[in-house]
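Written below as structure tokens is the structure these notes are about.
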């Protein structure tokens, strides 16, 4: 916990772009359902070489460092969303000045001067993750930004949003060993489908225990990585309770981890499927969309019928009738299985090459591979017809 300090009025000036970026980042960390007023605050404080603008929900903290001239001990606290709204309506060419007042903060943008009331009293303590915990982030390694973005996009669709299964509400990151080969898996599952992305073990990640990165942090990290100005690498610091993502030295995302045990995902991934088949994911997605156009019941199972050289999609709807569509498929098998169409579409949306199916029987998990991305493994549980 960090206490407010009492100093004489002072100000800092930064560009509109930097201010907008920092407050946008801060706003993403805030819990919109928080009952404590201070948890809606943006905190602007002096830091070596500039200022740091941050916000926290106590589970997720976003901090943006901006190089500028800043007086020592500068501290301004105001409602983050109000400040962000001001910046969104201002001209991008205008500089932004934050000035400390006795009971608040003045934000000056061009000719506009707005006094914002302080969110907390001067002697109130600002919430933060304990400094001792942050210093214990002794596990350090880096992952290329483009690779981390790809991991999130290939895996996150399978994250569960059921609060009762909180231990599935994130991406599981864990080191792996296969004989003499060491790697790292990123896995998500909701119990009905699973997606795993495997990479070589980054240097420095040896000894890391498996951790579950919560969904909110995953979404914000994805947003940061998608920007054009994203750095080449992301530094990751971790303990059993926290993980911090550092984008250069300017932006950090610190999150508490999901406190739970991720299931042994390797047990549901078929290792020796009895049959294989492949097809074009775009053709399959189109077939699913067309046959489900008559569906009345949401999530109604679609029947996949594999026959030599073809794959037929069938949906039977008692009140509406039935729909059927056949596409070409590279296989020499006869096999029938039911699937959830929405789950299949989510998977096909992340597949870049041809789909390869690994099949056992109609009651066993179905292995799905992207032939263009061998590091990705997906599993779909069958649905009763």
What list do you get for 261, 142 if you sort them by fewest beta carbons within 10 Å? 261, 142
Taking every pair of Cα atoms in segment 132-267, average 1/r, invert it to obtain the Kirkwood radius, and report Rg/Rh to two decimals. 0.94
Give me 171, 294 sorted ascending by neighbouring Cβ count inside 10 Å, so fewest comes first. 294, 171
Taking only the alpha-carbon positions of segment 20-93 and ignoring solvent, what does the Debye formula give for the base-10 log of I(q)/I(0) at q = 0.19, 0.21, 0.25 Å⁻¹? -0.76, -0.90, -1.15
Read-out Kirkwood radius over Cα pairs in Å, candidates (1) 25.5; (2) 22.3; (3) 23.5; calculated match is (3)
Helix 16-29 versus the longest principal axis of the chain: what angle, 0 to 90°, nearest 10, using Cα atoms? 60
Which of these, 139, 69, 244, has the largest mean-square fluctuation under a Gaussian network model of the chain (Cα springs below 10 Å)? 69
Candidates 240, 248, 370, ranked by Gaussian network fluctuation over the chain, Cα under 10 Å, top entry: 248
For the chain, what is the relative contact order in percent, using Cα pairs closer than 8 Å and at least 6 residues apart in sequence? 13
Mind checking the angle between helix 281-291 and the chain's longest principal axis? C-alpha axes, 0 to 90 degrees, to the nearest 10. 80
Segment 205-296, relative contact order [Cα under 8 Å, separation at least 6], %: 23
Sequence-separation-based contact order of segment 269-380, relative, with Cα cut under 8 Å and 6+ spacing, percent: 30
Any chance you could give the angle, 0 to 90 degrees and rounded to 10, that helix 215-226 forms with the longest Cα principal axis of the chain? 80
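In which sequence would 11, 266, 329 go, from the one with the fewest C-beta neighbours within 10 Å to the one with the most? Please list the in-between numbers first.
Values: 11 17, 266 11, 329 23.
Starting with the residue having the fewest Cβ neighbours, the order is 266, 11, 329.
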Residue among 79, 190, 316 with the largest mean-square fluctuation in a Gaussian network model of the chain, springs linking Cα atoms under 10 Å: 316
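Only the coordinates and a few stated rules stand behind these numbers; no lab work does. Source: prediction; values computed, not measured. Note that we place each Cβ from the backbone using ideal geometry, even for glycine, and neighbour counts take in every protein chain shown.
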